[in-house]
Each structure stands twice: as structure tokens, then as C-alpha cells.
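The block underneath contains the structure these notes are about, expressed in C-alpha cells.
The values are calculated or read from the model by the stated rules, or taken from the named source; none is laboratory data. Values in this document were obtained by computation on a predicted structure and should not be read as measured data. As a convention, Cβ positions derive from the backbone with ideal geometry for all residues, glycine included, and neighbour counts pool all protein chains shown. The protein model used for the area step is the full one, side chains on, heavy atoms only, and it has no ligands, DNA or RNA in it. Shrake-Rupley method; radii C 1.70, N 1.55, O 1.52, S 1.80 Å.
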Amino acid sequence: MRNLVSFVVGSLFGLGLLISGMTNTNKVQGWLDIFGAWDPTLAFVMGGAIIPMAIAWQLTKARKPVFADSFPTPPAPQIGRNLVIGSTLFGMGWGLAGLCPGPAIASLSFGGVGGVAFVLSMAAGMLIAPHVRTRLDQAATAS
Amino acid sequence: MQVDWIYGLVGGGIIGLAAAIFLLFNARIMGASGIIGGLVDGSGKSDWTERALLIAGLFLAPAFGALIMGGSETNITGNYGVIVAAGLLVGVGTRLANGCTSGHGVCGISRLSLRGIVATGFYIVAGGLTVVIFKHLLGVI
């Protein structure tokens, strides 16, 4: 059942990205471009997604998950160096191409060679990430 | 153009519903970079099927949707240097930060997670500055 839920969740996620226009890089870059013809759509997508999820978090307080033993425990609340550096690097890539991981997969079938090249580069970046993390940790202990 | 925000709100609601179902049924966080990353580097071996099926749905549903709509535009740049650089940055950055727009943005902000809010602040400011520099100053994108 967990596997069926996963497929349904992925399908809804993908349809939501398609309907909202987030698979169109112009809309993402248009939202980030406050000095150009600013496109407010992304703010509505974020708002629309956060509302049902906020309700879901409230529901986790009084019950157990349907197909699991317990809900995930929230990570330690510290704001680490990796969170800040990683988010900044991610934002730079997001701005350059107008794609983040979810929409990159969702638009893979109609994104042409460019879409495929982005996903392959992203996968390569994910494989490099642990090495970057080690280097950053070494630099931090050395200083 | 005027109705785009309605599509945004409806599409966003469906994304939020998907994240809510994943949490309430499977007790999992719907973070795209974490789910993909676990498949790419092998760290998600124990729940490989669950991850792979989510990604399959994420790929197939919009593929059919776009087919029915008669195609959908991505307007991705034709500059492969930019594409590769952007992909590498997104891959490294999301794994280093342990999350992206869906994990930190949708799932984190909705439970008022400080990490989610800080991460989202940084990637939005970095993204905005990147667009200003590379579009308006350098004219690359």
C-alpha cells in the first residue's frame, strides 16, 4: 500500500507542478526577476501548497500515520553552515535555469535535450555533494 | 495572464495535498531533492521502491497531462553551459542543505520550521540576485 500511495503522491505532485505553471522556467525566473516583468504566480503556488500541508502537520498531533508506526521526528533546529551555503548554491542554480528538482523531473518528457541535460547535471551534483561537504568540514576545523 | 494566479493556487493546492497524503499515510516528507538524491547516491536503498514509484508518478502524470493538453512549454535555455552549471549547483546545493523548494519550502514552512524558513530565504535571495546579475547585467540568460 505504501508503494501505491507513493505513486499517487508523485502523480499529484507532478500534475500540480504542471497545472501551476512551475514546469515553465519563464514563470519561475519571472518571479525571481523583481526588476523585470514580475510574475507573482510562484507565491500563489507556495501559498496554495503550504495551506493543506499546515493542516496535515496539525493532524499528526492527535493520530498515527496510516501505513507507518510513527511520524518523522523533526531535525535538530540548528542553522548550520551547510544549510546556508547549500541553499545559496541551490538558489543560484534555480535562478540560472528556472528549474528545481521537482519540476525538472516533471518536465522531463517535454523539456527536450536541455531538460535531460539539467537532470543529468543535477544527479552529478548530488554525487559530488558529499565530497563538497567533507571539504567544507575540513576547512571549518582548520580555521 | 490574469488567470495564471488561479492555476498557481489550484496547482499549489494539489502539490500541498500530495505532500499531506505522503505525511499522513506513509509518514514521509515529500522533498524532491531528498527522494531523488537517495536514488542517485544509493543512500535510499532501504526504501528504493517507494522512492522510485514517487519519481515515476512525478514523471508520468505530467507527461500524460502535457500530451492531453497538446504539449507544454518549459522555455528552458538553449545555452548548455548555463544548463550544466545550474544543474550542478542545484544538485550540490540541495544535498548540502538537505532540501529544496518542496522539502524546505512547502513541508518546512508549513510547520514553521526555522531551518525551512532560513533555507527558503537564502535560496530566494540567491535566485533573485542571480537573475539580476545574469539577465540584466551580463545578459547571459
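Quote the FRET efficiency, to the nearest 0.05, computed for A:Val84 versus A:Asn3 with a Förster distance R0 of 41 Å and r equal to the Cβ-Cβ distance.
0.70
Which FRET efficiency value, to the nearest 0.05, do you get for B:Val125 and A:Lys61 by plugging their Cβ-Cβ distance into 1/(1 + (r/R0)^6) with R0 = 45 Å?
E between B:Val125 and A:Lys61, to the nearest 0.05, is 0.85.
Over region A:2-142, what percent of the accessible surface lies on carbon and sulfur atoms, probe 1.4 Å?
70 percent
Give me the distance in nm between label points sitting 7 Å out from Cα along the Cα-to-Cβ direction at B:Leu137 and A:Ala76, one decimal.
3.6 nm
Roughly how many whole Å is it from the C-alpha centroid of region B:65-103 to that of region B:9-25?
Using only Cα atoms to place each centre, the spacing works out to 21 Å.
List the chymotrypsin sites (Phe, Trp or Tyr not before Pro) in region A:1-56 that DSSP assigns to loop (not H, G, I, E or B) and whose Cβ has at most 15 other Cβ atoms within 10 Å. Which are they?
When the chymotrypsin sites (Phe, Trp or Tyr not before Pro) of region A:1-56 are filtered for loop state and at most 15 Cβ neighbours within 10 Å, A:Phe35, A:Trp38 remain.
Work out the mean other chain Cβ neighbour count within 10 Å for the residues of A:129-141 and drop it here as an integer.
2
Return the average number of partner chain Cβ atoms within 10 angstrom of each residue Cβ along peptide A:75-84.
The per-residue average across the peptide is 5.
Can you give the accessible area buried between chains B and A, summed over both chains, with a 1.4 Å probe, in Å² to the nearest 100?
Approximately 8800 Å² gets buried when B meets A.
Which residue fluctuates most in the GNM of chain A (Cα springs below 10 Å): A:Ile105, A:Ile19, A:Ile55?
Looking only at A:Ile105, A:Ile19, A:Ile55, the largest GNM fluctuation is found for A:Ile55.
Would you be so kind as to identify all helices of chain A, as entire DSSP H runs, whose Cα atoms reach 30 Å or more along the helix's own axis and whose mean Kyte-Doolittle hydropathy is at least -1.0?
A:112-142
Can you give the calculated 222 nm mean residue ellipticity of chain B, where each DSSP H run of n ≥ 4 adds -39,500 (n - 2.57) and the sum is split over every residue, rounded to the nearest 500 deg cm²/dmol?
That calculation yields -21500 deg cm²/dmol at 222 nm.
Counting only protein heavy atoms, what percent of the accessible surface of region B:24-141 is carbon or sulfur at a 1.4 Å probe?
Reported share for carbon and sulfur atoms: 69 percent.
How much area per residue is accessible in region A:2-142 when the probe is 1.4 Å and only protein heavy atoms are counted (Å²)?
Value for region A:2-142: 44 Å² per residue.
Enumerate the lysines that B:Lys45 could reach by cross-link, defined here as Cα to Cα under 26 Å, with residues fewer than 8 away along the same chain left out.
Cross-link targets: A:Lys64.
Loop-only check: which trypsin sites (Lys or Arg not before Pro) in region A:48-91 are DSSP coil with at most 12 other Cβ within 10 angstrom?
Hits after loop and neighbour filter: A:Lys61, A:Arg63.
Helix-derived [θ] at 222 nm for chain A: sum -39500 (n - 2.57) over DSSP H runs of at least 4, divide by residue count, nearest 500?
The helix contribution divided over chain A gives -23500 deg cm²/dmol.
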